[in-house]
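Just below is one structure, and these are the notes that go with it.
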Amino acid sequence: MPLEIIQQHAHPAVSKTRIRRRLQLCLNHLKLSQAEISILLTDDAAIRELNHKYRGKDKPTDILSFGMREQRSLSDPLPPDDQVLGDLAVSLETIERQAAERSVSLEEELIFILIHGLLHLLGYDHARSLDEKRMQAMHTLLLAVCRPRLH
């Protein structure tokens, strides 16, 4: 399955079906309908451990992106598959706090941060001002693409 969501930390306000549907709209818009992404929904303790192990930061964060398109070692015999984008790990505890701070639903904050992570998997960055503007513009576009429609 192209979008795999592993819910290690359960939350009643999170519907894997709705999240998958909304992210698929983003991927379709980007002409990446068959792209593969694994999403881990976890808690602060688990994401803190991942953040420490992979980024050297001993604190929880909202999302971590592990891209498969990044430069690989020359000793790696398998070329990267263009359809395998990578993995995202999200702390639902952090997302819940951020949702309260921004006065939005948990699902809206989760989608917001998952789009941010997706853009990182696609090579977008926000380290420099010009890159940040480019990333923000694409983020705004994708938020509009995956907005729930009233029927």
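Taken together, the values in this text are just the output of simple stated rules run on the coordinates, not laboratory data. Remember, it's a predicted structure, so these values are computed and weren't measured experimentally. Glycine gets a Cβ as well: all are built from the backbone with ideal geometry, and neighbour counts include every protein chain shown.
Given the Cα-Cα distance of M68 and V145 and 0.36 nm per residue of separation, how much length would full extension add, in nm? Write out the running numbers ahead of the final one.
Working: separation 77, 0.36 × 77 = 27.72 nm, distance 2.44 nm.
This chain segment gains 25.3 nm when fully extended.
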Quick one: work out the % antiparallel among DSSP beta bridges in the chain, nearest 5. 30 percent
In deg cm²/dmol, rounded to 500, what helix-only [θ] at 222 nm does the chain give when every DSSP H run of at least 4 residues adds -39500 (n - 2.57) and the total is split over its residues? -15000 deg cm²/dmol
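Once fully extended, how much extra length lies between A13 and Q83, figured as 0.36 nm per residue of separation less the alpha-carbon to alpha-carbon distance? Write out the running numbers ahead of the final one.
Working: separation 70, 0.36 × 70 = 25.20 nm, distance 2.97 nm.
Roughly 22.2 nm would be gained on extension.
If the chain between R21 and L130 were fully stretched, how many nm would it gain, using 0.36 nm times the residue separation less the Cα-Cα distance? Write out the running numbers ahead of the final one.
Values: separation 109, 0.36 × 109 = 39.24 nm, distance 3.08 nm.
Here the answer is 36.2 nm.
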Could you run the Karplus curve 6.51 cos²θ - 1.76 cosθ + 1.60 with θ = phi - 60° over the stretch 136-147 and give me ³J(HN,Hα) per residue in whole Hz, x for Gly and Pro? 4, 5, 5, 4, 4, 4, 5, 4, 5, 4, 9, 4
Eligible aspartates and glutamates near K16 by straight Cα distance, threshold 12 Å, same-chain separation 8 or greater: E4, E107
Taking 7 Å along the Cα-to-C-beta vector as the label spot, tell me the H52-A137 distance in nanometres, rounded to one decimal. 4.1 nm
